[in-house]
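One structure is given here, and the rest of the page talks about it.
The values are calculated or read from the model by the stated rules, or taken from the named source; none is laboratory data. Just so you know, these numbers come straight off a predicted model, no measurement behind them. A quick note on method: Cβ atoms are made from the backbone with ideal geometry, for glycine too, and the neighbour counts reach across all protein chains shown. Note: areas computed on protein heavy atoms with side chains; ligands, DNA, RNA excluded. Shrake-Rupley method; radii C 1.70, N 1.55, O 1.52, S 1.80 Å.
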Amino acid sequence: MITGLDQRTSTIGFTRTRRTRRTASLRGLVRETHLSPSSFVYPIFVTHGKNVREPIKSMPDQFRLSLDQLRNEAKELLALGVNSVLLFGIPASKDASGTEGYATNGIIQQAVRVLKDTAPDLTVICDVCLCEYTDHGHCGVLSATGEVLNDESLPLLSEMAVTCADAGADIVAPSDMMDGRVAAVRTALDDANFSDTAIMAYSAKYASAYYGPFREAADSAPQFGDRRGYQMDPSNAREALREVEADTAEQADITMVKPALAYLDVIRQVRDLTNLPLAAYNVSGEYSMLKAAIANGWLEEERVILETLTSIRRAGADILITYHAKEAARWLAVHD
Ligand code: PBG
Ligand code: ZN
């Protein structure tokens with residue numbers, strides 16, 4: 001008599017997915033998603049001073065670096081196969097319009113020159129936003145009543161993009177979330193003869209609590225109110241697709257979803273919508289929460305970090321902007 005069990009283990013049998021999980025080599029053969037340091041972008045905080053390597057308390061193993069520290073940093077990154085950096089500046093002084101952000105000799109413009117001088121092959125991306133440079137901490141300029149003005153902010157952001165391009169930046173990344181900024185930046189770059197400088201648009205940038213540690217690192221917290229009037233509502237996904245469509249029409253070269261982990265569904269939907277290269281920003285709070293659990297011995301460091309980065313790639317991101325870039329590259333080098 002044939003029992004149900006016998007039927008299921010017969011030669012035709014049921015679907016056996018475990019056959020291809022048996023050995024490391026078989027698992028490698030059928031692996032769908034790969035991590036490669038060449039798709040990592042490492043964010044760097046640049047500050048004035050000499051020999052400064054100041055730890056950021058809320059982000060273990062991340063530092064504010066002075067210009068002289070950048071040469072070694074660039075060499076270390078290239079040796080690891082991490083070929084791209086995203087620069088954030090901490091200015092000497094702040095004012096209402098964020099002057100140091102678009103100054104020819106601002107901290108970020110100087111950093112680009114140092115990096116390009118040391119490592120011409122390193123892809124240098126400049127975050128374009130005013131919040132690190134304004135005394136009020138908002139991403140654009142304000143009206144008399146404290147509203148963030150859209151159209152009045154565009155020329156300043158465009159000027160920041162042009163001065164970064166002039167210093168040698170390969171890519172500028174507007175993160176301010178003003179409407180029309182990609183078109184404004186593109187036009188300004190073209191008019192200044194920087195038609196080869198690419199734009200990575202923070203298209204779907206959410207008003208997220210996960211930016212907390214970054215704001216300590218970059219000293220860029222808004223001094224009043226919040227960013228909900230210009231960054232996206234975490235409840236919305238279709239709106240993210242509209243943002244991507246708008247930035248595509250305005251000639252963005254790369255589009256971005258930020259943060260990554262709480263928005264993996266958005267990454268997937270944007271992936272299915274666009275053929276542009278897609279970046280995901282694994283932000284400061286996402287980094288710090290893993291590091292905190294790891295420090296407590298609650299999570300296994302290498303496994304949880306590589307699993308997390310893989311999940312962002314699997315969701316559809318081509319490019320991973322991550323503070324884990326260096327350690328992940330080290331682990332990948334051991335295994336490959
Ligand atoms: C500037 C900017 C922020 C981040 C990247 N660019 C902060 C913000 O919007 O408040 C956050 C990055 C991170 O948390 O790692 N607008
Ligand atoms: Zn900003």
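Is it the case that some residue within the stretch 114-125 is in a loop (DSSP other than H, G, I, E, B), open to solvent by less than 10 Å² (accessible area, probe 1.4 Å), more than 16 Å from ligand 2 (Cβ to nearest atom) and closer than 18 Å to P43 by Cα?
Yes, the stretch 114-125 has at least one match.
Any residue at all in the stretch 226-236 that is more than 16 Å from ligand 2 (Cβ to nearest atom), open to solvent by less than 60 Å² (accessible area, probe 1.4 Å) and within 29 Å of R31 (Cβ to Cβ)?
No, there is no match, as no residue in the stretch 226-236 is more than 16 Å from ligand 2 (Cβ to nearest atom), open to solvent by less than 60 Å² (accessible area, probe 1.4 Å) and within 29 Å of R31 (Cβ to Cβ).
Which numbered condition in (1) open to solvent by less than 30 Å² (accessible area, probe 1.4 Å); (2) in contact with a strand residue (DSSP E or B) (Cβ under 6 Å, 6 or more places away or on another chain) is the only one that D170 fails?
With (1) open to solvent by less than 30 Å² (accessible area, probe 1.4 Å); (2) in contact with a strand residue (DSSP E or B) (Cβ under 6 Å, 6 or more places away or on another chain) applied to D170, the lone miss is (1).
For A184, are the conditions met, namely being surrounded by 23 or more Cβ atoms within 10 Å (Cβ to Cβ) and not β-branched (V, I, T)?
no
Quick test of your reading of the structure: A295 fulfils all but one of (1) within 22 Å of A209 (Cα to Cα); (2) open to solvent by 40 Å² or more (accessible area, probe 1.4 Å); (3) in contact with a strand residue (DSSP E or B) (Cβ under 6 Å, 6 or more places away or on another chain); (4) not aromatic (F, W, Y). Name the failing condition by number.
With respect to (1) within 22 Å of A209 (Cα to Cα); (2) open to solvent by 40 Å² or more (accessible area, probe 1.4 Å); (3) in contact with a strand residue (DSSP E or B) (Cβ under 6 Å, 6 or more places away or on another chain); (4) not aromatic (F, W, Y), A295 is out only on (3).
Mind checking which residues of the stretch 128-148 are part of a loop (DSSP other than H, G, I, E, B) and either closer than 19 Å to F88 by Cβ or within 8 Å of ligand 2 (Cβ to nearest atom) (or both)?
Of everything in the stretch 128-148, those that are part of a loop (DSSP other than H, G, I, E, B) and either closer than 19 Å to F88 by Cβ or within 8 Å of ligand 2 (Cβ to nearest atom) (or both) turn out to be C129, L130, C131, E132, Y133, D135, H136, G137, H138, C139, G140.
Tell me the residue from S58, S66 that is open to solvent by less than 50 Å² (accessible area, probe 1.4 Å), at pLDDT 95 or above and away from ligand 1 (no atom under 16 Å from the Cβ), please.
After applying the criteria, what remains is S66.
Identify, by number, the condition in (1) within 11 Å of ligand 1 (Cβ to nearest atom); (2) more than 14 Å from Y281 (Cβ to Cβ); (3) open to solvent by less than 20 Å² (accessible area, probe 1.4 Å) that A221 doesn't meet.
The single condition A221 does not satisfy is (3).
Report yes if some residue within the stretch 314-331 is within 21 Å of S38 (Cβ to Cβ), open to solvent by 70 Å² or more (accessible area, probe 1.4 Å) and more than 16 Å from ligand 2 (Cβ to nearest atom); otherwise report no.
yes
Of the residues that make up the stretch 151-162, is at least one closer than 20 Å to L87 by Cα and either more than 16 Å from ligand 2 (Cβ to nearest atom) or in a loop (DSSP other than H, G, I, E, B) (or both)?
Looking for residues that are closer than 20 Å to L87 by Cα and either more than 16 Å from ligand 2 (Cβ to nearest atom) or in a loop (DSSP other than H, G, I, E, B) (or both), one finds at least one in the stretch 151-162, hence yes.
Of the residues V270, V257, which is crowded, with 23+ Cβ neighbours inside 10 Å and assigned to a helix (DSSP H, G or I)?
Every option except V270 fails the conditions.
Could you tell me which numbered condition A279 fails, if it satisfies all but one of (1) within 13 Å of ligand 1 (Cβ to nearest atom); (2) assigned to a helix (DSSP H, G or I)?
Unmet condition: (2).
Just wondering, is there one or more residues in the stretch 180-203 that are part of a loop (DSSP other than H, G, I, E, B), in contact (Cβ under 8 Å) with a residue 60 or more places away in the chain and either within 16 Å of ligand 1 (Cβ to nearest atom) or not basic (K, R) (or both)?
The answer is yes; a qualifying residue exists.
Cβ-Cβ below 7 Å, separation at least six or inter-chain, first residue in the stretch 299-328 and more than 22 Å from N72 (Cα to Cα) and more than 16 Å from ligand 1 (Cβ to nearest atom), second modelled with pLDDT of 95 or more and of a type in the set (S, T, Y): which pairs?
T310/T33; R313/T33; R314/T33; D318/S39
Considering each of G13, G89, G49, G101 in turn, give the residue that is touching a strand residue (DSSP E or B) at 6+ places or on another chain (Cβ under 9 Å) and either open to solvent by 90 Å² or more (accessible area, probe 1.4 Å) or part of a loop (DSSP other than H, G, I, E, B) (or both).
Details: G13 fails: touching a strand residue (DSSP E or B) at 6+ places or on another chain (Cβ under 9 Å); G89 fails: either open to solvent by 90 Å² or more (accessible area, probe 1.4 Å) or part of a loop (DSSP other than H, G, I, E, B) (or both); G101 fails: either open to solvent by 90 Å² or more (accessible area, probe 1.4 Å) or part of a loop (DSSP other than H, G, I, E, B) (or both).
Sole residue among the options that is touching a strand residue (DSSP E or B) at 6+ places or on another chain (Cβ under 9 Å) and either open to solvent by 90 Å² or more (accessible area, probe 1.4 Å) or part of a loop (DSSP other than H, G, I, E, B) (or both): G49.
Is it true that S97 is in contact with a Leu (Cβ under 9 Å, 6 or more places away or on another chain) and more than 16 Å from ligand 2 (Cβ to nearest atom)?
no
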